[in-house]
Structures are given as structure tokens and as C-alpha cells.
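So the structure is just underneath, and the comments pick up after that.
The values are calculated or read from the model by the stated rules, or taken from the named source; none is laboratory data. Just so you know, these numbers come straight off a predicted model, no measurement behind them. Cβ: placed from backbone, ideal geometry, glycine included. Neighbour counts: every protein chain shown. Ligands, DNA and RNA are excluded from the accessible area calculation, which covers all protein heavy atoms including side chains. Shrake-Rupley method; radii C 1.70, N 1.55, O 1.52, S 1.80 Å.
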Amino acid sequence: MLSFYKSTIGKKVVVAVTGCFLFLFVIGHMAGNMKVFLGYDRHGVHHIDAYGHFLRTFLEDAFGYGGFLWLMRGGLLAILALHLYTVMQLQVLKAKARPVDYKKQDLRASTFSARTMMLGGFVILLFIVFHLLHLTLGTVLEGFVHGEVYANLHRAFRSPLTVFMYIIAMAALGLHLRHGLWSFLQTLGLDNPDRNKCIRLGAAGLSVVIVLGFLSVPLAIYFGILIPPANL
Amino acid sequence: MRLTLYVWRQPSADAQGDFVKYDLSDVSPDMSFLEMLDVLNANLEELGKEPIVFESDCREGICGTCSMVINGRAHGPESKTTVCQLHMRSFQDGETIYIEPWRARAFPVVKDLAVDRSAFDRIIQAGGYISVRTGSAPDANEMPIPKVESDLSMDAAACIGCGACVAACPNGSAMLFTSAKISHLGLVPQGQPERTKRVKKMVEQMDDELFGSCTNYGECQDACPKGISISFIGRMNKDYMKAKLIEVEEPRKEVESQ
């Protein structure tokens, strides 16, 4: 198992599989966010607030309050760390494998998204840190109240600068996913020339859906489509 | 045709190299790229200068010896073409052309445009063979092979081992070459006995030669003069995963009588 990880193919598979787990989280996160558009339930609690509460009380009997959520967070963080560590090892190898660069290099086959994987990944990493401080811990958000998800969103996305930052981050995520999704299937040998076009188109389509899904929340709030809660 | 050439000159493996500018006139558009370099070398020899070292052999696009990066493209601007089959009509009168050797740590420059590609030979030696019965030749078609598989195997076997995949890959990865060599044997019945051992040995040798890893840019299949598909890389990955994680070979144990 360890000798598999030591090989370049092993590392490539690890990046692909950890990337796939992170992708599944991203899909789940995006789908969960859509609760913002559901309005208030019959108890007068906003659906997104109830959802936040649900995530903490899910499997409470077995893991305690917030226990399962922390388990998931820990797992995600470990997966992310493995993804980053392996990519960094491969980057070192890349620099070693081509010590002298070409004077001229005319790249034709690689896509923009493939060439910006490292840059985009770095932007996403910075965004993850900011996003956690912004809407999970609330450290960098003025007036943040723990548990008031819907109100916090309104506090956050009044600022055009914040909305703009989220747009940039989501664009980076979309490009990263476009190459990452196709790459995952190619690495595991699941692609094939007959269905490659379909896979590439599917990867691009899914990335667009995810980006639009995520951005719908800050944009709907900024442009007043979602009405602020009564206490704001 | 009149051309301005910037050619990489490096006297030896350890020496510092640099681009040298050459102006060449009266180039016929019907010359091959190598013939153009032959003319340049003849001119240099007449002037008592050291001719440019470059490799070539068959000059009909099947041996994989010629190797140079022309204006940032391995084997030049035309697709599915080796340098010897590239003609000067693919360039414009008055064009500036940069000529560089394959760039990879695993392919050290020997002199000028010639690089040492014996890393590929060592990958082949590691497992690119099959066990065959010696003695009289077997009957033709003795072993039935499905058409689809034999065609796919031949697609992989088209690899001439020129190294353009490594030269074109921004990561300096040799996965297209290695996967083609693993696949053309692994797809037919003759290659089955050593299939597991082969993929392990060849991939490990590839890593030992310090080629980079693959990030699915797809530049290799674009540069490949034989149009070999990156789907063979996926196939190799699958074979390697199977060999390392599922069909792990146990060391042979003595079978005791009961």
C-alpha cells in the first residue's frame, strides 16, 4: 500500500480519489445552501437555520451534540490535507523532471482550466480559510450571531466587495472542477474515446451548475431578491 | 525561402549551452526539415565550423530517431508528423525558427540537439517482453485474438519511442510511452503471463528514471507522431492499481505433502 503511494501513479490516484470526496462535499454543500430559498417553516424558523441546527443534532444519540458534524469536518480536513500534500510532492517532482525550460513552448492541447489547476487550487485554499472565518466562526463578520444563518448571510452579502470575492473564488472553483472531474475519470481509466466528449461536456456542465448554485445565494441577497429577516 | 534559425548549441553534456543564430537563404519549400539542416551543416563545414549535431535514421517517419522541438512543438508544427517528414512548406518565407533539444532530466543532452534516450530502453528492459516458445515457428492464427483487441493493441504498438510525449509534457512525464508499451502486450493473449509483473516493473523503472507525473494536460497525444491516445494511460493506471492493490503476488511457498 505504501509502495503504491510512493509511485507516481499511486499519488495521481490519491489526488483523484481525495478530489472526488471533496467534490462530493461541494455538491452536498451547494444542495444544502438551496434551503435559503425555501423561506420560513410553520414555527417561524427559517429553513436554512433549521438545517444548520439539524446538522448539529444529526445522530446526536450516538455522537453527542455537533459530534457527527465534527467527525465530518475532521474527515474532510484530513482528506484536504492529503490532497494538498500529494499535489505538492508531485509539483516538486515536476520541477525536478524538467530542470531546463524551453525558450519557446507552444501548448495546444491543454485547456485553460488544466493549466490553472495550481493557481485555482491556491485561490480556493485561501477562500476556504476566509469562508470559515467569515460564515462559520464569524471572526471577520461584524454582528455575526452563532446559529442565525439566514441573518448572518444578510449581514455578510450587503458588501459588494464580499460578493465580488465570492464570485472570484467560485470562478476558480468552477475551473478547478472542470479539469478535476474529467481528470478523475481519466486517471482511474474510466474514460474512453467513445464517451470522452460526453464526459468532458458533463464535467463542464456540472461545474457550471455548482458555480451558479453557490453564487445564487450572495447574488439573491445582494440584489434584494431574498428579503432580510425582521431583526435586521 | 529565407530563414532565421536559433539553434541550441551545447558542446557536451556538462557544458553550458546557448542559442546560436544562423541565417539561411535559398531554402527549397520541398526540402524536409532535416535536409534543410543538412544544407546548413554543409555550409558550416565549408566555413570550417563545427556542424550541428542532430539525430536521424530512417527519414521515413518510422524509426523515432529524429527529435527536436521546433518553435515550441515537439516534431514541429504539423500534427502526427516526425521531423524528417516535416517539410519546409510548413513554414513561411522569412520566418524565425527556434530549434531546441528534448528537455527532460531523464533525457540529458549529449551534444547540441542529440539527447540520451536510454531511459526508454531501461523501461522496456524492465518488462517490455513476453515469454515465447522457441523451436519451430507456430502456425499462423494458431491463437485466436478478437479483432477489437488486436486493433487496439496495434494502435499502442504504433509507438516508435521517439520521446515527443516527454518533450511536450509540461511535467516531463513518460506515461504515454510507458502505457503504450504496457498496453500493446497486455491487450493480447501472448502478454498475459507477465501482465501483472510487467506493469509493476515498468512503472517502477519509469519512476526511477525521474520522469514527472501526469496531470492530464493531453499535450503528449497532441505531439505524438503516431497519434497514440491518452486512454492507454488510463488503462495502465487501472492495470497498475490491480497489480499493486488486488492481485498482489505472494512469494512462492514450498507445497508440503500431506
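Of the residues making up segment A:8-56, those losing 40 Å² or more of accessible area when the isolated chain is joined by the remaining protein chains, with a 1.4 Å probe, are A:T8, A:I9, A:K12. Averaged over residues, the count of other Cβ atoms within 10 Å places the peptides B:111-120, B:221-230 in the sequence B:221-230, B:111-120, highest first.
Treating each Cα of chain B as an identical point scatterer and summing with the Debye formula, the log10 of I(q)/I(0) at q = 0.12, 0.16 Å⁻¹ comes to -0.77, -1.16. With all protein chains kept in place, the per residue accessible area of the protein assembly as shown amounts to 52 square angstrom at a probe of 1.4 angstrom. Does segment A:143-228 come out rounded, prolate or oblate, given a ≥ b ≥ c as the square roots of the eigenvalues of its C-alpha gyration tensor, rounded meaning a/c under 1.5 and, failing that, prolate meaning a/b above b/c? Prolate, since a/c reaches 1.5 and a/b exceeds b/c.
The equivalent ellipsoid that matches the C-alpha gyration tensor of the protein assembly as shown spans semi-axes of 52, 32, 19 angstrom, in descending order. The distance separating the Cα centre of segment B:142-159 from that of segment A:18-65 comes to 52 Å. Calculated mean residue ellipticity, 222 nm, chain B: -9500 deg cm²/dmol, from DSSP H runs (n ≥ 4) at -39500 (n - 2.57) each, averaged per residue and rounded to 500. Compared with the dominant Cα axis of chain B, that is its longest principal axis, helix B:231-241 is turned about 40°. With a 1.4 angstrom probe, the accessible area lost at the B-A interface totals about 3600 Å².
For chain A, the longest principal axis of the alpha carbon atoms and the long axis of helix A:47-57 meet at an angle near 70°.
Remark: C-alpha extents of segment B:53-160 on the principal axes read 58, 29, 21 Å, sorted largest to smallest. Could you check how many percent of all C-alpha pairs in segment B:117-257 are farther apart than 20 Å? Everything past 20 Å amounts to 49 percent. For the residue pairs A:K11/B:K200; B:K201/B:K244; A:K104/A:K197; B:K201/B:K242; B:K200/B:K238; A:K6/B:K200, the C-alpha atoms sit more than 19 angstrom apart in A:K104/A:K197. With distances taken between every two different alpha-carbon atoms, segment B:211-258 has a Kirkwood hydrodynamic radius of 13.9 Å.
Which FRET efficiency value, to the nearest 0.05, is calculated for A:A230 and B:D116 with the Förster distance at 60 angstrom and r the Cβ-Cβ distance? So, using R0 = 60 Å, E works out to roughly 0.20. For chain A, the 222 nm mean residue ellipticity estimated from helices alone, with every DSSP H stretch of n ≥ 4 adding -39500 (n - 2.57) and the total spread over all residues, rounds to -22500 deg cm²/dmol. Summary value for segment A:1-108: 26 percent relative contact order, contacts being C-alpha pairs under 8 angstrom separated by 6+ residues. In terms of its C-alpha gyration tensor, segment B:152-229 has an oblate overall shape, because the principal axis ratio a/c (a ≥ b ≥ c, square roots of the eigenvalues) is not below 1.5 and a/b does not outweigh b/c. To the nearest ten degrees, helix A:67-97 and the longest principal axis of the Cα atoms of chain A are 30 degrees apart. Look at the alpha carbon pairs under 8 Å that are at least 6 residues apart: their mean separation over the length of segment B:166-258 gives a relative contact order of 40 percent.
For the protein assembly as shown, the antiparallel share of DSSP beta bridges with both residues in that region comes to about 75%.
So if R0 is 30 Å, what FRET efficiency would A:K96 and B:D14 give, r being the distance between their Cβ atoms, rounded to the nearest 0.05? The computed FRET efficiency comes out at 0.95. In segment B:3-110, the inverse of the mean reciprocal separation of distinct Cα atoms equals 14.4 Å; this is its Kirkwood hydrodynamic radius.
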